[in-house]
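A short write-up of the structure that comes next.
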Amino acid sequence: MERIRYTEMLRSRLREKRRFIQVLAGPRQVGKSTIISDVLSTLEIPYVSESTDDITISGDAWLKGIWDRARSLARQHGEALVAVDEIQKIANWSEAVKKMWDEDKKTGANVKAILSGSSRLLLMKGLSESLQGRFELIPIPHWSYGEMKEVFGFTLDEFIYFGSYPGPADLIGDERRWKAYIRDSIMEPSLTKDILMLTPIQKPALLRELMELGSYYSGQIMPFEHMLGQLSDVGNTTTLAYYLDLLRQSGLLAGLQKYSGSEVRKRASSPKLQVFNNALMSSRHPMDFARAKEDDTLWGRLVESAVGTHLLNSVAGEDVSLGYWREKQHEVDFVLYNEYSAAAFEVKSGSRTRGRGMDAFLRRYPGSKVFTVSANIGPGSTAIPLEEFLLENPLSYLD
């Protein structure tokens with residue numbers, strides 16, 4: 001399972017003699033706190049572990065207080081660890097951490113550190129401005145189908161519709177309650193606490209509407225001009241592109257760019273809206289699970305979006321990009337690519353195995369690989385079964 005891999009990675013790094021600040025960054029409720037707790041329970045290093053939810057005094061003073069407790073432990077035992085959850089809630093946290101980290105380097109205090117945060121955007125700003133050369137980043141993406149299947153017994157259809165947030169997994173039998181949880185405990189805090197309270201936003205209503213629009217139309221290409229026509233708040237394409245970037249950095253919604261050999265054409269292309277977790281899509285739709293499965297059009301969109309979430313989360317922390325391709329009437333749903341190769345994916349929820357878009361893509365990029373992912377495999381089909389694909393690491397298709 002992916003969480004086990006991240007846990008082992010963090011545990012291995014903390015056992016090394018060299019010191020780097022270990023930073024776990026990812027969206028809300030993907031298990032960052034659990035990973036830290038699992039690591040702390042097995043390490044033979046004395047530690048101080050706190051969450052910024054417990055702050056009762058000024059942030060800087062609170063942070064220095066727990067760091068000093070770790071320093072005291074290090075003097076007694078030769079080394080110690082300080083772990084701080086949701087570090088982004090402390091104003092100017094990176095400057096404070098840098099000061100204490102550099103002091104420890106001068107005095108020889110062997111204090112190791114784990115920091116975690118929900119907003120990768122804010123974390124990266126602090127890391128790049130103050131902690132350059134002092135940290136290692138561990139991006140934590142959303143849960144995969146394999147994890148939801150193993151831990152919660154999710155079926156393929158349940159993953160497609162309910163997505164992969166572990167917190168409300170036991171609520172799917174009561175969809176009204178499940179949707180309220182997604183809205184009130186995940187989406188709203190992500191928008192309010194991870195973006196609006198921490199980033200200057202001139203049009204918060206526009207940001208919220210864009211999130212709603214993107215969730216509803218996940219998996220669809222939508223020109224910025226079309227988006228503006230659907231939004232009630234006044235904005236412009238530059239503002240929408242900026243807000244899409246904020247939503248992507250927060251692990252909510254991405255605007256995938258068109259795959260092209262030209263960076264200029266990529267930036268000028270219409271984005272393909274893609275949620276990071278299908279729960280964000282289905283929780284905003286009026287149809288329930290049973291009716292969604294009976295609606296071929298909606299279920300096809302959910303299937304394509306589920307493949308998109310799998311691909312999108314697979315590129316976290318990797319030197320790999322995800323886009324789409326379209327020229328005239330020809331289209332390919334997703335293109336996974338790096339500097340050396342590209343793999344195109346067409347998603348089919350029906351029985352047809354391959355469209356003309358794949359052939360056109362191969363003519364345009366003859367060295368690429370093409371794959372069809374299908375929810376319904378017919379006799380003699382060469383398509384990849386949907387469940388099999390969702391259980392694999394998509395990056396293997398670039399090899």
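Listing for the model above:
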{"item": "Count of the stretch 3-23 residues which are part of a helix (DSSP H, G or I), under 18 Å from the mean Cα position of the chain (by Cα) and buried (at least 19 other Cβ atoms within 10 Å of the Cβ)", "result": "3"}
{"item": "Yes/no for residue 331 being modelled with pLDDT under 95, among the acidic types (Asp, Glu) and crowded, with 16+ Cβ neighbours inside 10 Å", "result": "yes"}
{"item": "Residue identified as over 30 Å from residue 193 (Cβ atoms) and among the hydroxyl-bearing types (Ser, Thr, Tyr) among 283, 260", "result": "260"}
{"item": "Matching helices (runs of 4 or more DSSP H) fully within the stretch 274-377 where at least 3 residues are touching a strand residue (DSSP E or B) at 6+ places or on another chain (Cβ under 6 Å)", "result": "296-314, 356-364"}
{"item": "Cross-chain or 6+ apart pairs with Cβ under 9 Å, the stretch 38-53 first and within 22 Å of residue 118 (Cβ to Cβ), then modelled with pLDDT under 90 and part of a loop (DSSP other than H, G, I, E, B)", "result": "51/86; 52/86; 52/90; 53/86"}
{"item": "Selected residue (criterion: nearest to residue 284 (Cα to Cα)) from residues of the stretch 218-239 that are at pLDDT 90 or above and crowded, with 22+ Cβ neighbours inside 10 Å", "result": "218"}
{"item": "Some residue of the stretch 99-106 being touching a helix residue (DSSP H, G or I) at 6+ places or on another chain (Cβ under 8 Å) and either modelled with pLDDT of 85 or more or under 30 Å from residue 169 (Cα atoms) (or both)", "result": "yes"}
{"item": "Some residue of the stretch 329-352 being β-branched (Val, Ile, Thr) and over 22 Å from residue 277 (Cα atoms)", "result": "no"}
{"item": "Matching residues in the stretch 369-399 - criterion: being of a type in the set (Val, Ile, Thr) and either modelled with pLDDT of 95 or more or in contact with a Phe, Trp or Tyr (Cβ under 8 Å, 6 or more places away or on another chain) (or both)", "result": "370, 372, 373, 384"}
{"item": "Qualifying residue in the stretch 24-32 (condition: part of a helix (DSSP H, G or I) and over 30 Å from residue 392 (Cβ atoms))", "result": "no"}
{"item": "Failed criterion for residue 45 (all others in (1) part of a loop (DSSP other than H, G, I, E, B); (2) more than 24 Å from the chain's Cα centre (by Cα); (3) at pLDDT below 90 hold)", "result": "(3)"}
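Here's the yes/no breakdown for (1) surrounded by 15 or more Cβ atoms within 10 Å (Cβ to Cβ); (2) assigned by TED's automatic domain parsing to the domain that holds residue 308; (3) in contact (Cβ under 8 Å) with a residue 40 or more places away in the chain:
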position: 150; (1), (2), (3): no, yes, yes
position: 156; (1), (2), (3): yes, yes, yes
position: 159; (1), (2), (3): yes, yes, yes
position: 171; (1), (2), (3): yes, yes, no
position: 175; (1), (2), (3): yes, yes, yes
position: 193; (1), (2), (3): yes, yes, yes
position: 197; (1), (2), (3): no, yes, no
position: 200; (1), (2), (3): no, yes, no
position: 208; (1), (2), (3): yes, yes, no
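The values are calculated or read from the model by the stated rules, or taken from the named source; none is laboratory data. Owing to the predicted nature of the structure, the values given are computational and were not obtained by experimental measurement. A quick note on method: Cβ atoms are made from the backbone with ideal geometry, for glycine too, and the neighbour counts reach across all protein chains shown.
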